[in-house]
Amino acid sequence: MKSKFAVIFFAIVSLFFSSYSRAQTNVPEAEGILTLKTFYAKYIVTFSEETDEVKLTKLRKQFCTAGLLKKYNKMKSDIDADPLLKAQDSDPAATTTLKVRKDAAKADTYVVAYQDMFTKKWINIKLHLIKEGNFYKIDAIL
């Protein structure tokens, strides 16, 4: 009986620590910033072309996790805008204002900011990154 308890206890502890270690990927700051700058520079320009949903879908698949992609359409309809941009349209000139910084308070969390060229207001998007294979991907829009 004690050995069954020990085995079950060990299994539960192992599961806890393996899931904890996956959630805490510790994305290197420079790589996280580069990943997000690359994605957003491409995404803003492609989004401004409005007619190229195929390219947008490819970019989202390349830079977002499957879990986020499953939620994407619902989030888009909930806010009536693209959740990755928090906007209904974009201007390629917004890429010149693009800024990315690591959130000091939360692990693997970054804030992307760019200026909406129509309203001149700054748009801030808080994102969580994880490592999938050899790549860092957007796992959540916070």
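What follows is calculated from the coordinates using simple rules that are stated; it is not laboratory data. Only a predicted model underlies this, so the values are computations on that prediction, with no experimental measurement involved. No Cβ is skipped: glycine too gets one built from the backbone with ideal geometry, and neighbour counts run over all protein chains shown.
Laid out as a table, the results:
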{"item": "Separation of the Ala93 and Glu31 label points, Cα + 7 Å toward Cβ, nm", "result": "3.7 nm"}
{"item": "Extension reserve of the Asn124-Asp78 stretch, reckoned as 0.36 nm per residue once the Cα distance is removed", "result": "14.8 nm"}
{"item": "Relative contact order (percent, whole number), the range 22-113, Cα cutoff 8 Å, 6+ residue spacing", "result": "38 percent"}
{"item": "Asp103-Lys70 pseudo-label distance in nm [points 7 Å out on the Cα-to-Cβ vector]", "result": "2.2 nm"}
{"item": "Cα-only Debye scattering, the range 83-142: base-10 log of I(q)/I(0) at q = 0.26 Å⁻¹", "result": "-1.08"}
{"item": "Cross-link table Lys76/Lys131; Lys37/Lys121; Lys58/Lys106; Lys37/Lys131; Lys70/Lys126; Lys61/Lys131, entries beyond 22 Å C-alpha to C-alpha", "result": "Lys76/Lys131; Lys58/Lys106"}
{"item": "Residues of type aspartates and glutamates that Lys42 reaches as a straight line, Cα spacing below 17 Å, ignoring anything fewer than 8 places off in the same chain", "result": "Glu31, Glu50, Asp52, Glu53, Asp82, Asp89, Asp91, Asp116"}
{"item": "FRET efficiency for Phe135 and Lys55, using Cβ-Cβ distance with R0 set to 22 Å, rounded to 0.05", "result": "0.75"}
